[in-house]
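Just below is one structure, and these are the notes that go with it.
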Amino acid sequence: MHSGRGLKCECTGREQAVALAQMEHAMKDNPVFGSFGRFQETPKAEMPPDMKAAFDFTMRLRGEVPGPHKIWICNPKLSETIVPTGAYYQTKSTLSKAEIEIVTNVINGRWLAAYSNYEHEMIGENLGHLPPEKVGALIANLPTSFDDPRQQVVYELATTLAQPHIVPVVLFQRAKNLITEAGIVDVTVLMGWFTAVSLTLNAFDVPSNAVGLKQ
């Protein structure tokens, strides 16, 4: 019985290049792929009225139609219920930007969506002003800690819920004392929000370098 050891590839460099070119051509023409992962965006000028209304509504609240919103507008009624929640976390949350990014990177890491993990690794560092090694630990589910007591309890609460584990009374009381019950609700709903984000991106197989249509 031949073990296969020592076998040499019979393909020439030219044959390999041709095969790769054929694969790339097949992937480009495959109807599974769209303009944003598997999703084929509709140019704004061609959108039906309800989709265009959802697009414009998102633009008014967010100033852009980012990431999963590109996909959500294909379900206009649902999109219009989702957008205000994301906009809330941009301007009105009881959590600081650093705390929001701690929660976001924990739950993104849990759901393994390439696009949102890459995006919020950058946002966590640049806008949340979190050290890169801590952001990396949040995504990779590695132990880390924060000097700020609020950030620490937000981290502990988010990681406990993402595992998932029961939130013990002692942790709940610390969170209540430090970020209040309103802050606890901010954490839990934010985790639900980014679960929706991540699962949408996963279902549509959106890669980390996706751009989508400029419109």
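Looking across region 110-135 at every residue that is of a type in the set (D, E, K, R) and within 12 Å of the chain's Cα centre (by Cα), the one that is surrounded by the most Cβ atoms within 10 Å (Cβ to Cβ) is identified as E121.
Listed here are the residues, each with its yes/no results for (1) surrounded by fewer than 17 Cβ atoms within 10 Å (Cβ to Cβ); (2) within 12 Å of the chain's Cα centre (by Cα); (3) not assigned by TED's automatic domain parsing to the domain that holds P66.
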position	(1), (2), (3)
Q151	no, no, yes
L161	no, no, yes
V169	yes, no, yes
T180	yes, no, yes
F194	no, yes, yes
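E64 falls short on exactly one of the conditions (1) acidic (D, E); (2) touching a Pro at 6+ places or on another chain (Cβ under 7 Å); (3) at pLDDT below 95, and that condition is (2).
Filtering I71, I107 for residues that are touching a strand residue (DSSP E or B) at 6+ places or on another chain (Cβ under 7 Å) and either under 25 Å from D56 (Cβ atoms) or buried (at least 22 other Cβ atoms within 10 Å of the Cβ) (or both) leaves a single hit, I71. Screening region 43-99 for residues that are hydroxyl-bearing (S, T, Y) and in contact (Cβ under 8 Å) with a residue 12 or more places away in the chain and picking the one that is farthest from Y118 (Cα to Cα) gives T94.
The values are calculated or read from the model by the stated rules, or taken from the named source; none is laboratory data. Note that this is a predicted model, so its numbers are computed, not measured. All Cβ positions, glycine included, derive from the backbone under ideal geometry; neighbour counts span all protein chains shown.
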